Amino acid sequence: MPDFSYEAMSATGTRATGVVTAVNEREAMVILDGRGLMPLKLTEQKSASARKSNKKLKGRVVATFFSQLADLLHSGVPLLRSLELIERQSQNAVLTEVIREVRQKVADGQNIADAMAEFPNAFDELAVSMVRAGMEGGFLEDVLKRIAVFTEQQEDLKSKVIGALAYPVFLAVVGFVVLNVLVIFFVPRFEPIFARLAEKNELPSLTEYLLATSHFLQNHGWWLVLLAFGAFQAFRRWAKTESGRMITDRARLKIPGAGKIYLSLSLSRFTRILGTLLHNGIPILAALKIAKDSTGNKVLSLAIEQSAENITAGNSLAKPLGACPYFPRDVVEMVTIAEESNSLETVLINIADSLEKRTSRNLELFVRLLEPVMLLVMAAVTLLVVAGLLLPVFKMSSAVG
């Protein structure tokens with residue numbers, strides 16, 4: 001049970017402070033009243049379990065929770081009873097704690113949307129806004145089911161991207177490790193063989209560069225690793241600043257091949273979230289405010305924010321989106337037609353489906369091209385190392401001959 005710190009006034013008029021343990025705030029007030037204290041201030045303390053319940057939950061865990069809750073409510077099970085059943089059946093310790101906290105807050109009279117909003121690491125702003133809209137509109141079960149489907153779709157897309165890039169990343173890591181082992185441990189074994197050519201200044205330039213690189217990595221390799229790590233951390237801190245975020249996000253969109261895939265992922269996420277919010281009755285300005293951050297790109301978010309300002313002035317959504325060079329022309333045209341036909345939420349979902357299919361095709365093509373390119377780069381670098389070792393051998397054998 002949570003602890004509550006209190007400031008209270010006793011019957012004699014003196015102030016008293018302390019901590020009381022109770023199931024909820026109401027029970028804590030009853031306990032204080034039984035002690036002859038009139039509470040002036042009552043604050044719930046964050047316990048270790050409460051901190052643990054704020055840990056981030058995986059998307060599929062959250063999707064399963066929403067799906068189960070929707071099914072129970074649709075079957076006529078009351079909300080508190082539904083939360084209790086899911087809490088008992090959950091195999092995830094963090095989710096169990098989150099549900100327990102949410103259920104206690106709902107039992108205290110708080111609505112479920114506000115209770116969920118206190119756990120931002122478990123339920124994002126999109127889910128909370130949709131649940132609130134569902135409560136106000138009387139279609140909570142449908143909203144919960146829609147959130148579950150949406151979350152599953154996003155997790156499937158994320159898994160597809162990670163799965164496609166797993167093999168190229170594996171090739172890059174293995175190639176880097178093998179190359180460093182060759183240069184640091186294998187190349188120095190040939191140095192005594194090349195000593196005579198080095199004394200006569202007849203060692204090929206490629207071999208000299210190779211031996212110099214090997215000596216540098218042997219003597220300063222750890223410093224190089226530490227320098228690279230420090231530079232990476234400094235870059236990460238800079239990239240989180242306002243100016244750094246703008247520069248890096250703009251650069252991501254311009255990466256050859258990968259930039260289009262990144263753009264399609266961002267736009268598909270934005271259009272699906274915006275369409276889902278509009279479909280569930282959330283006003284377009286509030287929906288844009290929530291959906292703009294879902295792109296994960298500051299450049300696109302600013303363009304969407306300008307769209308919101310444009311709508312406030314009584315204009316359309318498509319015009320400022322079209323002014324941004326990163327929004328595809330076909331997407332802008334579809335939004336224009338959707339606004340004219342008053343079917344924006346439906347068209348946005350269709351755009352998201354189309355962009356995800358396009359992303360899958362482009363990602364598959366990109367990975368197919370990336371794998372042979374990486375293999376060619378690894379083969380070229382390995383060939384340089386081998387050539388640097390064999391050229392002196394050929395030179396010595398020709399001299400002997």
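The values are calculated or read from the model by the stated rules, or taken from the named source; none is laboratory data. Quick caveat: nothing in here was measured; it's all calculated off a predicted structure. When we count neighbours, we look across all protein chains shown, and the Cβ atoms used for this are built from the backbone with ideal geometry, even at glycine.
Scan 183, 143, 187, 169 and give me the residue that is surrounded by 15 or more Cβ atoms within 10 Å (Cβ to Cβ), of a type in the set (A, V, I, L, M, F, W, C) and closer than 25 Å to residue 296 by Cβ.
The unique qualifying residue is 143.
Conditions: (1) within 22 Å of the chain's Cα centre (by Cα); (2) over 30 Å from residue 182 (Cβ atoms); (3) part of a helix (DSSP H, G or I). Residue 365 meets all but one. Number of the miss?
(1)
Quick check: anything in segment 66-73 in a helix (DSSP H, G or I) and farther than 24 Å from residue 281 by Cβ?
No.
So, in segment 155-208, how many residues would count as being in a helix (DSSP H, G or I), over 42 Å from the mean Cα position of the chain (by Cα) and not aliphatic (A, V, I, L, M)?
Here the count works out to 10.
Could you tell me whether residue 252 is assigned to a helix (DSSP H, G or I), surrounded by 13 or more Cβ atoms within 10 Å (Cβ to Cβ) and not acidic (Asp, Glu)?
Details: assigned to a helix (DSSP H, G or I): yes; surrounded by 13 or more Cβ atoms within 10 Å (Cβ to Cβ): yes; not acidic (Asp, Glu): yes.
Spelling it out, residue 252 is indeed assigned to a helix (DSSP H, G or I), surrounded by 13 or more Cβ atoms within 10 Å (Cβ to Cβ) and not acidic (Asp, Glu).
Going by the conditions given, is residue 329 without any contact (Cβ under 8 Å) to a residue 12 or more places away in the chain and within 25 Å of residue 149 (Cβ to Cβ)? Walk me through it before giving the result.
Numbers: without any contact (Cβ under 8 Å) to a residue 12 or more places away in the chain: yes; within 25 Å of residue 149 (Cβ to Cβ): no.
No; evaluated as a whole, the condition is false for this residue.
Evaluate segment 306-327: report whether one residue or more is under 21 Å from the mean Cα position of the chain (by Cα), among the small types (Gly, Ala, Ser) and in a helix (DSSP H, G or I).
no
State whether the residues of segment 156-167 include one that is touching a Gly at 6+ places or on another chain (Cβ under 8 Å) and farther than 30 Å from residue 396 by Cα. Walk me through how you get there before you give the answer.
At the first step, the residues of segment 156-167 found to be touching a Gly at 6+ places or on another chain (Cβ under 8 Å) are 158.
From what is left, the residues that are farther than 30 Å from residue 396 by Cα are 158.
Yes: one or more hits.
Going by what's in this entry, would residue 213 be described as among the β-branched types (Val, Ile, Thr) and either touching a Leu at 6+ places or on another chain (Cβ under 7 Å) or part of a loop (DSSP other than H, G, I, E, B) (or both)?
no
So which of 95, 83 is modelled with pLDDT of 90 or more, under 34 Å from the mean Cα position of the chain (by Cα) and part of a helix (DSSP H, G or I)?
Result of the check over 95, 83: 83.
Mind checking which residues of segment 241-263 are over 14 Å from residue 299 (Cα atoms) and under 18 Å from the mean Cα position of the chain (by Cα)?
258, 261
What's the number of the only condition in (1) at pLDDT below 85; (2) at positive phi that residue 76 fails to meet?
(1)
Name the one entry in 254, 357, 260 that is without any contact (Cβ under 8 Å) to a residue 12 or more places away in the chain, among the charged types (D, E, K, R) and under 22 Å from residue 156 (Cβ atoms).
Within the list 254, 357, 260, the selection yields 357.
Can you tell me which residues in segment 106-121 are over 22 Å from residue 292 (Cβ atoms) and crowded, with 19+ Cβ neighbours inside 10 Å?
From segment 106-121, those over 22 Å from residue 292 (Cβ atoms) are 106-112, 114-115, 118-119; that's our starting set.
Matches in segment 106-121: 112, 115, 119.
Tally time: how many residues in segment 122-140 are more than 26 Å from the chain's Cα centre (by Cα) and over 13 Å from residue 112 (Cα atoms)?
3
Condition first: surrounded by 14 or more Cβ atoms within 10 Å (Cβ to Cβ), polar (S, T, N, Q) and not in a loop (DSSP other than H, G, I, E, B). Now tell me which residues in segment 4-31 satisfy that.
Passing the criteria: only 5.
Just for segment 299-320: of the residues that are buried (at least 21 other Cβ atoms within 10 Å of the Cβ) and closer than 24 Å to residue 151 by Cα, which one is modelled with the highest pLDDT?
Selected residue: 300.
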